[in-house]
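The values are calculated or read from the model by the stated rules, or taken from the named source; none is laboratory data. In this text, all values refer to a predicted model and were calculated from it rather than measured experimentally. Note that we place each Cβ from the backbone using ideal geometry, even for glycine, and neighbour counts take in every protein chain shown.
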Amino acid sequence: MASYRNLESICRGYPDWARERLQSKRAASLSLGDVSGTEWPLLGTVFLFWSVEQLQRDWQTRQFSGPAPVDIAHACLETGAALLADPTQADWVQRHWGDDYLHEKNLFYRMMLIAGLDSYERLTGNPHYQSLLREQVLGLSAELARSPTGLLEDYPHETYPVDILLAYAALQRTMQRLELPFEAFVAQSWRAFSGPVLDPATGLPGYLVDWQTGQPWQPARGVGQSAMLAFAPELWPERATDWFERYQQQFWQERFGIAGFREFRLGRIDHLYEFEVDAGPMVLGFGVGASALGLAAARANNRTDIAVALAAEGLALAWQTPDGTMLGPRLLSNLSDAPYLGESALLFVMTRPLPSRAQQPQPVPPIIWWGLLLGWLTSLAFLTSAVRQLIRLWRARSSAEEPASLWSL
């Protein structure tokens, strides 16, 4: 299966990269504004762990032959967990929140810590980090329960509902596995995504809000909606279906042979061509982050019709090289600080389970054929360059050997 090959490709390089990052303590030298250098290494690790979880479940259920995903990813899991738990990797949030960074607010970082360490323990059975994990679960769940809105700040004066929903989902999973009471906690979580937090223009949760009142400071955006809807069915299955329909009606776009989710709602003529560190590139209004995570959302909400179109586009534009590297996602990553984020994220969205296969797939968008053609032409260009280089080397060697042969006569 392609996903297993992609996992093998990532796991050939990830452990060495993670060890080097741990040993170099580079994270302590990065600026607060370097989002891709500080956040992405940990986020990519969480995406990778979630992907291994699903691949392992599939391997066990379908009784595939070959090595188990957890064995393929063994070194990734060990080095990744060490990276997540390493205080040096949290240097940027320590500068934001001080010594109490593990016990007050700081929701985004603590969510990643809980999600990643829970996944590690599920996969390996190793309780090495359980005391840290349990402390974070109890502390963050209590803090969210005490919040007047069910919201907490990620950073000072920055509250993103998308991160909060992922935190609720990670907490529910971990609390259930650790046999901690979670039903009442999950039941009251909906308050954080209804009422004041809704963007008046769309009726969807705003992207950036005031944590004390829920008042939106930014409108609903595609990357946030897609990520939330990838996990919303775990928390509120019935509500998630309606939420996805409203999102599709206001953000799904088909233009010039491309199909995908916009970063900003239909009808807005600004933000057509931009790049943003959280959302990625925006082209013709399409959001790369919104559409990539939209695949996970479509799969989680059983929208096979949308999932097939987005998956086909993702694979066509990934440009997989002979060694398994996905060139497109790699180029959209931070090559020095988080080289595996894009590939891990693509593996994550491709491996989300489909509840069933209710809808018939739609015809694939025409851009897929352009993407495949471009990938083929790029490969041909590299092959041609390699052949020319070999010819030059052969000619140079022949020229060097000819005088020697004459001298021997």
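For region 1-53, the tally of residues that are within 21 Å of Y109 (Cα to Cα) and either touching a His at 6+ places or on another chain (Cβ under 9 Å) or among the basic types (K, R) (or both) stands at 5.
When A227 is tested against (1) among the small types (G, A, S); (2) in a loop (DSSP other than H, G, I, E, B); (3) at pLDDT 95 or above, just one condition goes unmet, and that condition is (2).
Of all residues in region 208-221, those that are more than 10 Å from E158 (Cβ to Cβ) have Cβ atoms under 7 Å from Cβ atoms of residues that are outside any loop (DSSP other than H, G, I, E, B) and among the aliphatic types (A, V, I, L, M), 6 or more apart or on another chain, in G214/V197; Q215/V209; P216/V197; P216/V209.
The rows are residues; the columns are (1) touching a helix residue (DSSP H, G or I) at 6+ places or on another chain (Cβ under 6 Å); (2) within 30 Å of A28 (Cβ to Cβ); (3) modelled with pLDDT of 60 or more; (4) part of a helix (DSSP H, G or I).
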| site | (1), (2), (3), (4) |
| --- | --- |
| S344 | yes, yes, yes, yes |
| V349 | yes, no, yes, yes |
| P355 | no, no, yes, no |
| A358 | no, no, no, no |
| P363 | no, no, yes, no |
| L383 | no, no, yes, yes |
| I391 | no, no, yes, yes |
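Checking each residue in region 254-271 for being at pLDDT below 90, farther than 15 Å from P219 by Cα and out of contact with any Pro (no Cβ under 8 Å at 6 or more places or on another chain) picks out R255, F256. E313 fulfils the conditions (1) surrounded by fewer than 23 Cβ atoms within 10 Å (Cβ to Cβ); (2) assigned to a loop (DSSP other than H, G, I, E, B) except for a single criterion, (2). Within the span defined as region 202-210, every residue fails to be farther than 28 Å from I269 by Cα, not hydroxyl-bearing (S, T, Y) and not in a loop (DSSP other than H, G, I, E, B). When N302 is tested against (1) surrounded by fewer than 24 Cβ atoms within 10 Å (Cβ to Cβ); (2) touching a strand residue (DSSP E or B) at 6+ places or on another chain (Cβ under 6 Å), only condition (2) is not met. None of V223, V209 is more than 22 Å from T351 (Cα to Cα), hydrophobic (A, V, I, L, M, F, W, C), surrounded by 20 or more Cβ atoms within 10 Å (Cβ to Cβ) and out of contact with any Cys (no Cβ under 8 Å at 6 or more places or on another chain) except V209.
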